[in-house]
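The values are calculated or read from the model by the stated rules, or taken from the named source; none is laboratory data. As the structure is a computational prediction, the values presented were derived from the model and not from experiment. When we count neighbours, we look across all protein chains shown, and the Cβ atoms used for this are built from the backbone with ideal geometry, even at glycine. Remember, those area values only see protein heavy atoms, side chains included, never the ligands or the DNA or RNA. Shrake-Rupley method; radii C 1.70, N 1.55, O 1.52, S 1.80 Å.
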Amino acid sequence: MKYLVMVQGTQADYEAMQGKASEHSVAWSQDEIQAMYAYMQAINDDLAESGEMIDGQGLAEPAKVRHVTLGDDGKAVITDGPYSETKELLAGYWVLDCASLERVTEIAERVARCPQPAGAPVYPVVIRPILDGSGDIC
């Protein structure tokens, strides 16, 4: 079964990782950033070695997001970030091919243990099964 494993974040989280503290999060040091990247790279390496990794990427900060919708006239309405009304957004993901929900849950628990500074916000790691076709919806 294929799963999408997602981590979340906010614009304030990205700014905290750039050394800018806010009411939302403490500022991260360079050592804390490097520890986080090393931890995530070890997970990626292990998943690649086990053959479970299909893809995994970190995503750009919410300020670089673009929304495309349709207006009442049917024309595209394009809005660039950041979006003050938006809370958590997808910060990164893995597409994994795991033997069971239990296995992907073990991986998500490992991701949840990623080091971060005391006082930084904690978000759940989200697991979503990937449908194999339209028959999976019924």
Could you tell me which residue of segment 86-114 is farthest from the chain's Cα centre (by Cα), considering only residues that are open to solvent by 70 Å² or more (accessible area, probe 1.4 Å) and at pLDDT below 95? Lys87
Take the residues in segment 31-89 that are in contact with a helix residue (DSSP H, G or I) (Cβ under 7 Å, 6 or more places away or on another chain) and among the β-branched types (Val, Ile, Thr); name whichever of them is nearest to Lys20 (Cα to Cα). Ile33
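Within segment 1-57, track down each residue that is part of a loop (DSSP other than H, G, I, E, B) and in contact with a Cys (Cβ under 9 Å, 6 or more places away or on another chain). Working first, answer last.
Let us first name the residues in segment 1-57 that are part of a loop (DSSP other than H, G, I, E, B), namely 1, 10, 18-29, 51-52.
Residues satisfying the conditions are Met1, Glu52.
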Determine whether segment 60-83 contains at least one residue that is under 19 Å from Val122 (Cα atoms), surrounded by 15 or more Cβ atoms within 10 Å (Cβ to Cβ) and under 14 Å from the mean Cα position of the chain (by Cα). yes
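Within segment 3-18, track down each residue that is of a type in the set (A, V, I, L, M) and within 14 Å of Leu59 (Cβ to Cβ).
Those that are of a type in the set (A, V, I, L, M) and within 14 Å of Leu59 (Cβ to Cβ): Leu4, Val5, Met6, Val7, Met17.
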May I ask you to list the residues in segment 27-59 that are open to solvent by 40 Å² or more (accessible area, probe 1.4 Å), among the acidic types (Asp, Glu) and either over 18 Å from Ala91 (Cβ atoms) or at pLDDT below 95 (or both)? Asp31, Asp45, Asp46, Glu49
Read through the list (1) open to solvent by less than 60 Å² (accessible area, probe 1.4 Å); (2) more than 20 Å from Thr105 (Cα to Cα), then give the number of the only condition that His24 fails. (1)
